1. Taking the Cβ of R426 as the center, what net charge do the other residues with Cβ under 13 Å away carry, scoring Lys and Arg +1 and Asp and Glu -1?
2. Fully extended, how many nm does the chain gain between A156 and R351 (0.36 nm per residue separation, minus their Cα-Cα distance)?
3. In cubic angstrom, how much convex hull volume per residue do the alpha carbon atoms of the range 219-277 span?
4. Over all directions, the average projected area of the alpha-carbon convex hull for the range 131-281 comes to how many nm²?
5. Using per-residue counts of other Cβ atoms within 10 Å, averaged over each peptide, order 163-173, 401-411 from highest down.
6. The range 220-377: D in µm²/s via Stokes-Einstein (Kirkwood Rh, Cα pairs, 25 °C, 0.890 mPa s)?
7. Can you send over the solvent-accessible area of R185, 1.4 Å probe, protein chains only, in Å² to the nearest 10?
8. Grab the Cα-Cα distance for S302 and D335, subtract it from 0.36 nm times how many residues apart they are, and report the gain in nm with one decimal.
Amino acid sequence: MSESAVPPEGEERPTWLSRAVRVLEAAAAIVAALATLVAGGNAVLKELVGEDPWAAGVATVGGLVLLAGLTTGWLMSRAGARNWFTRLWGRLWPGLLWLLVVVTAMGVVSLALTFDRWLALRNDPCAQPLELTVMAPPEDVAVYETIAREHEADVAVEGCPPVRVGVRAAPPVSRIGAALAAGWRSADGVRLIGPRPDLWIAESAAVADVVLAAPGRASAVAAERLGSVATDDLVLAVPEAQRRTVEGALAAATADGPAATRDLLLRHFTQDGRHIQRPDPLISGAGLAAMPVLGRSGVFGSVDRAESVLREADPLRHADPLELLCRFRDDTTLDPAADPAAISSESERPRRSALVIPAHLRRGYQDGLRGRCPAEPRPGKWEQLPLTPSIGTLDYPAVLLTWPGRAGSARAEAARALAQRLASERGLRAHGFGPPVGGSVSATASAAADGAEEMRAALAAATRAERSVAIALLLDGSGSMRTHLSRGVGAVERILDALHSTDEVSLTVPRRLAGGGDGPPEIRQEYGLETAALQADNIRRYVQQWTPRAWDLDLDTAVGLLAAARADADVFVAVTDTAPGTSADLSDVVENLRDRVSALATESRLAVVNVGSVPCPPALPEPGGEPAPVTCVELADLDAGRLLLWARSR
């Protein structure tokens, strides 16, 4: 219809205004559709997430009714219908138009705010499961991970597991009691050492009793013993190279019983340069459980004697039986092209050793422990362990831990169900373990109080025999260290690598805060003293991403601040450059350093690791040389083992 044409009777002449209104009507219908889609989609999202599903349903139905009504009114109006509906629609339309615009805007904003949750729901449409943490022996974390995934699949409803199980390696057994008493925090109480465990699988009931008797534990976390979930023999594995030597005598001793067999092997492997290797009893529950058995033998007569002999004979500190076996496999592997008769001294020593390990790990060892060691086996043949006489039993009790603020029947029932799964035939027994004590999980107490007393004595003997050391690392935070950053980080890593797992280590960054080096001095403790087993990797990751930014702080001022803060460590190791003409120049502060060190909280010593280009002052000897409270060593001459040996000789 042209602009000049006469419109039919009863119809108004179209104008630019009426055309604009019709465009707005069409746009309004589109807006109404978008508003309904956004509101409905957001409502469905909320219903899936579990937020007010009734409101979600009402919003969805209301949006659909509104869309249907507006669309019908618009279509009837376009068709020229004249009735009460179209008249009502015409009166309400301006207000509804603005309402729809506002609702649409709100829906778009709401959808944008929940878009990440929508994506998560698309990938995982399940409700948030209960998070459960299991603390397991470090050597068997992979086994527990497998069982946890199978358990989640078995209890899932329509593909959604109501519980998600995280498996964590237990910290050193000598630290578990203190960690429980401290709320699962580091020794300084500043940070958690990991997720708080809900279920702890100890290696033996006696080990659990000793740990749970730690002072302050009862007030920090409630513990309920659920009983044994598996058993396994603790064996003395004899290498093939030694089997031929003891086979004849062993056959005769076997007739006299297990004790005679045990004593014969212990006597054999403590003579003529032979050794017994075991997991460190301060770190491994299996290693600790073995010590009362060895102490009762006729060879040692006491746990103190057994601990002294074994610790002196084996300088290595194996954190767990799996680490021991992996090292043994690697050290005894011979290159296929090598002459078997030409065995190096490095591989000869382990071949003259017997290994204290759980029996189920020895079965996996025969296949090379593929996928369980840090490195896959090298080409070649490793020493086999054909003889594995039992010297004791591990009964693997489950302990339910209830933390303040996390009590609840759902969490407790989930932990009990997991313990039942571990004790079932499809649980640990499917991975080489034996059946639990009594055949299933039960609420029995520890078998014997004297077992716990023996274990407590073994732990005390290991503590006395171990010459652990507390090292406080001081990392120079001045800007001049940027030039030597890689050398400084390398020095810290070499020291961390040489620490025993039971040693303690901290990290402090001394620095000045204001530009020009005239600001107030500060010592910032990034990590307080904690065992290397728990903290060494944290410090390693920190220094690998660390960048020095502050101004120079002379070392004697830093040590003075440590003295004022009553810092406590056996040895302070300062990693710094000796930039001449700056506050980092050591040549002018030797006497001041000696005075500062003498004011520290303990009879401590200071070792300076010089990563700069200027040599150490001649007045400062190297660690391990002449006795001195302050020493200095160039990075090129740094022997971390010798440094720690000097630190232990206090």
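1. Combined, the nearby Lys, Arg, Asp and Glu give 0.
2. Between A156 and R351, full extension yields an extra 65.4 nm.
3. Measuring per residue, one finds 172 Å³ for the Cα hull of the range 219-277.
4. Approximately 13.4 nm², given one-decimal rounding.
5. 163-173, 401-411
6. This corresponds to a translational diffusion coefficient of 144 µm²/s.
7. Looks like 80 Å² after rounding.
8. 7.7 nm
The values are calculated or read from the model by the stated rules, or taken from the named source; none is laboratory data. Computed from a predicted structure; not experimentally measured. Ideal geometry is used to build each Cβ from the backbone, glycine not excepted, and the neighbour counts take in all protein chains shown. These accessible areas exclude ligands, DNA and RNA; they are computed on the full protein's heavy atoms, side chains included. Shrake-Rupley method; radii C 1.70, N 1.55, O 1.52, S 1.80 Å.
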